[in-house]
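The values are calculated or read from the model by the stated rules, or taken from the named source; none is laboratory data. None of these values were measured; they are calculated from a predicted model. Ideal geometry is used to build each Cβ from the backbone, glycine not excepted, and the neighbour counts take in all protein chains shown. Surface areas here come from the heavy atoms of the whole protein model, side chains and all, with no ligands, DNA or RNA. Shrake-Rupley method; radii C 1.70, N 1.55, O 1.52, S 1.80 Å.
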Amino acid sequence: MTVADMKGAYVTVADFAASVSAASWDDLDPREFDRLRRLVGAAGGRGDSTLAAMSDEQIARSLGVALVEDGRTHLCAGAVLLFGQPEALRAHVPNHEAAIQVIGPETGEPTDGMNDFFRWPLLRLTEELLARFRARNPEREIRYELVRTGVPAYAEQAFRELLANAFVHRDYTAAGAVHVQWTGEGVEISSPGGYADAVHDPAARLLARPPRPRSPLLADAFRRAGITDRSGRGIRRAHAAQLRNGLAAPDHTGSTADTVVAVLPRQPADLAFALFAVGREYGGRPLALPDLLVLTAGLGGRTLRTADVAELLGTDKDRARRHLTDMVHNGLMDVASGGGVRIWVPSAQVRRALRDDASQLHARSPRPARGGERAGSTTAAADAPRGSATAASAGAPRGSAAAAHPALRGWAIPEGGPALPARRVSDG
């Protein structure tokens, strides 16, 4: 498609990020290209390492957000969304905005503790919101043999995937902001525009259907940066991350044709199940998402016939039966009889393992970890309480996510990586 074709298709083009913008190179921030290079370096094999060696213009062209015609480079809206100055975002993508809020239980209104709105480019926004999430996400420490691991209040991978989905799938032609809200029900992430196909699917169909991003360009950029996986199955990974930690699955029932709402429910972690999942992982027999969905439903007391499992997995009865049979062979499920109907129940082996894990956890009395603390950390910064001199000594400005907790001073996506310079939260 030529630039002229893109201009003619501006109003009707499916991918807003691919539409030609009036922005110039002066509207882009070179620091955001550096941010992408650092993200790729921190992501290791998950990112596209070729981007790190490219110039700014080569990166934009490789991501498909800069087009060349007759020797001139034309920028797409996606270039502004990914790399734009805040002023350029206001001018060229006026509907782009994100907010993070803590909603008070008494009034249902944002509290003074956090009610911040941003018009920042997407990679910077993702990093900042993830850093703030980490600062508010306490963990419980469990131990499998000699390995210590943390069980968070909310799975970080689930939050990251759902946040990326909100930015990639939102309708940038519709007014409204992407909201991240802490409520009495959990962490809620909402974005304008509804599902890309304007269909409200139940959870099973959301998990089963192939990925259909509203913006393939932005989805590709997030994958190549290493923020999300290249398979494009973010909702599946979000569900698996929550269930693997003994947490409730993300809830999409509040979504409509106009707004997508994903909630990470506020629910105490089932530490015994989390320890069971960790043991399977280290034993080379990790629980796949269908296993997690079936086991969680069965352990929750739900009666599972083959038709029920087919509905749960978003598939047909034959495939559900084959998967259940595999789970029986793997010692995860047993077959019972209920009124002449075949019933599938978690196996005695699984229930025994969960009882043993619960007994171990009770004997060890795991301590709660501080919000944002990485389990097993031995650094002075990680062990320092919030507000201590150690936490405040990094030079981060007051009010920034980096100042909120020492673990946030480094590169936030993914864990580790090169440190960032101090950033101001209030402006660009």
Completion exercise
With the first residue restricted to the range 40-58 and required to be farther than 15 Å from P30 by Cβ and of a type in the set (A, V, I, L, M, F, W, C), and the second required to be open to solvent by 70 Å² or more (accessible area, probe 1.4 Å) and assigned to a helix (DSSP H, G or I), Cβ contacts under 8 Å at 6 or more apart or on different chains are V40/S49
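Taking the conditions exactly as written (out of contact with any Cys (no Cβ under 6 Å at 6 or more places or on another chain), open to solvent by 10 Å² or more (accessible area, probe 1.4 Å) and at pLDDT 95 or above), does E87 satisfy them or not?
So E87 passes the test.
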Problem - Which numbered condition R266 fails, given (1) touching a helix residue (DSSP H, G or I) at 6+ places or on another chain (Cβ under 9 Å); (2) closer than 30 Å to L163 by Cα - result: (1)
Practice task
Determine whether the range 63-70 contains at least one residue that is modelled with pLDDT of 90 or more, within 26 Å of R132 (Cα to Cα), in contact with a His (Cβ under 8 Å, 6 or more places away or on another chain) and among the aliphatic types (A, V, I, L, M).
Solution key: no
Practice task
Considering only residues that are in contact with a Lys or Arg (Cβ under 6 Å, 6 or more places away or on another chain) and in a helix (DSSP H, G or I), look in the range 200-259 and name the one that is modelled with the highest pLDDT.
Solution key: R223
Exercise for the section: Kindly provide the set of residues from the range 214-262 that are among the hydroxyl-bearing types (S, T, Y) and open to solvent by less than 30 Å² (accessible area, probe 1.4 Å), ordered by number. Expected result: S215, T228, S255
Fill in the blank from the handout: Checked the range 293-313 for anything aliphatic (A, V, I, L, M), buried (at least 21 other Cβ atoms within 10 Å of the Cβ) and assigned to a helix (DSSP H, G or I); matches are L293, V294, L295, V309
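Can R136 be described as open to solvent by 60 Å² or more (accessible area, probe 1.4 Å), touching a strand residue (DSSP E or B) at 6+ places or on another chain (Cβ under 9 Å), at pLDDT 90 or above and not hydrophobic (A, V, I, L, M, F, W, C)?
Details: open to solvent by 60 Å² or more (accessible area, probe 1.4 Å): yes; touching a strand residue (DSSP E or B) at 6+ places or on another chain (Cβ under 9 Å): yes; at pLDDT 90 or above: yes; not hydrophobic (A, V, I, L, M, F, W, C): yes.
So R136 fits the description; yes.
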Completion exercise
Output for Cβ contacts, cut-off 8 Å, separation at least six or different chains, first residue within 27 Å of S190 (Cβ to Cβ) and in contact (Cβ under 8 Å) with a residue 24 or more places away in the chain in the range 256-278, second open to solvent by less than 20 Å² (accessible area, probe 1.4 Å) and in a helix (DSSP H, G or I), reads V260/A166; A262/L162; A262/A166; A262/A238; L264/A158; L264/F159; L264/L162; L264/Q242
